[in-house]
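Working notes, structure below.
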Amino acid sequence: MAADPASVWQLVERADELVKYAQNRDPQTAYKQARAVLDEAEALTGQLEPNAADGLRTQIETRRADIARFEGTS
Amino acid sequence: MFRKKDPEMAARIPPGQHLTRGWPVLSASPVPPFDAATWRFRCTGLCDGADFSWDEFRALPSVTLTNDIHCVTAWSKLDNVWDGVLFKEVAARAGVKPEAAHALVKAPYGYDANLPLEALMEDDVLFAWNHDGEPLEPKHGGPLRLVVPKRYFWKSTKWANEIEFLDHDQRGFWEVRGYHNDAFPYLEQRYSWQE
């Protein structure tokens, strides 16, 4: 089934949830899981029209940078 | 206990929200350390400037307010009792310049949330240090968090330690990550694509 922007965004939101609840459990595990979900989301952007794909890739990259920053402080 | 047929209670739950009995812990960043001896709260940007120690901040005129809060992840929590200081009391001591029309309320680790100054100056917006009579727990934003009950709760910056006054709107942490700039729960303004 082809991806659409909404389904990719749902994965981005899922990664957000993993990060936001990370402090309730093992943060490093949560960050690792969030990165895996972001990888999955990025792979699906290849099925989107270019404008939507670019916007979502920017959001994914921003979150990867956030996670890298948080990993260094938790 | 909340019953769906109670119309007064139901009216307090925005669309798409459900009641929570607890208080879920969500934060983008780790909990920052707090040391009352070194903690500072600064007002920057379009103002004369202000810099408070923890004792100085706690000595500001305090209020107790009760309100409901609504998280964009779809839980709502009613009848929260907050002790703290009104945003406008802090702003009054910062010498805000007339051209200031917006503000970012900031926290450690690069978190911030933006709102129009007019919204922040309302009588229900405060920096809270107590919740339901107890010191605000670090996981919920202690020692100090902003509380803006009319907006989704990410606008209520946890671990607040700075106000930057601006003459223009500048999107905050979640607002640049795909979430709505205004964030009114009763309008279900969750995502930036709705703008």
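Points worth noting:
- Contact annotation: residue pairs with Cβ atoms under 9 Å, 6 or more positions apart or on different chains, pairing a residue in region A:23-35 that is within 11 Å of chain B (Cβ to nearest Cβ) and without any contact (Cβ under 8 Å) to a residue 60 or more places away in the chain with a partner that is buried (at least 18 other Cβ atoms within 10 Å of the Cβ) and not in a helix (DSSP H, G or I), are A:Q23/B:L26; A:Q23/B:S27; A:Q23/B:S29; A:Q23/B:V31; A:N24/B:L26.
- Residue in region B:90-111 that is in contact with a Lys or Arg (Cβ under 7 Å, 6 or more places away or on another chain) and of a type in the set (D, E, K, R) present: no
- Considering residues of region B:35-63 that are farther than 24 Å from B:E137 by Cβ and charged (D, E, K, R) only, the residue surrounded by the most Cβ atoms within 10 Å (Cβ to Cβ): B:D51
Per-residue answers, yes or no, for (1) at pLDDT 95 or above; (2) closer than 20 Å to B:F127 by Cα:
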position	(1), (2)
B:F2	no, no
B:T20	no, no
B:V25	no, yes
B:A37	yes, yes
B:R40	yes, yes
B:D55	yes, yes
B:L60	yes, yes
B:V63	yes, yes
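- Taking region A:1-22 as the range and being surrounded by 13 or more Cβ atoms within 10 Å (Cβ to Cβ), of a type in the set (G, A, S) and within 11 Å of chain B (Cβ to nearest Cβ) as the test, the residues that pass are A:A15, A:A22.
- Some residue of region B:125-137 being within 14 Å of chain A (Cβ to nearest Cβ) and surrounded by 17 or more Cβ atoms within 10 Å (Cβ to Cβ): no
- Top-ranked residue of region B:10-34 - restricted to ones that are among the small types (G, A, S) and within 10 Å of chain A (Cβ to nearest Cβ), ranked as surrounded by the most Cβ atoms within 10 Å (Cβ to Cβ): B:S27
- Number of positions in region A:37-54 that are buried (at least 16 other Cβ atoms within 10 Å of the Cβ) and either within 10 Å of another protein chain (Cβ to nearest Cβ) or without any contact (Cβ under 8 Å) to a residue 24 or more places away in the chain (or both): 2
- Taken over region B:173-195, the criterion of being surrounded by fewer than 21 Cβ atoms within 10 Å (Cβ to Cβ), assigned to a loop (DSSP other than H, G, I, E, B) and touching a residue at least 60 places away in the same chain (Cβ under 8 Å) is satisfied by B:N181, B:E188, B:R190.
- Apart from one condition, A:A68 fits all of (1) assigned to a helix (DSSP H, G or I); (2) within 20 Å of B:A107 (Cα to Cα); (3) within 11 Å of chain B (Cβ to nearest Cβ); the exception is (3).
The values are calculated or read from the model by the stated rules, or taken from the named source; none is laboratory data. Computed from a predicted model, the values in this text were never measured in an experiment. Neighbour counts run over all protein chains shown; Cβ positions are idealised from the backbone, glycine included.
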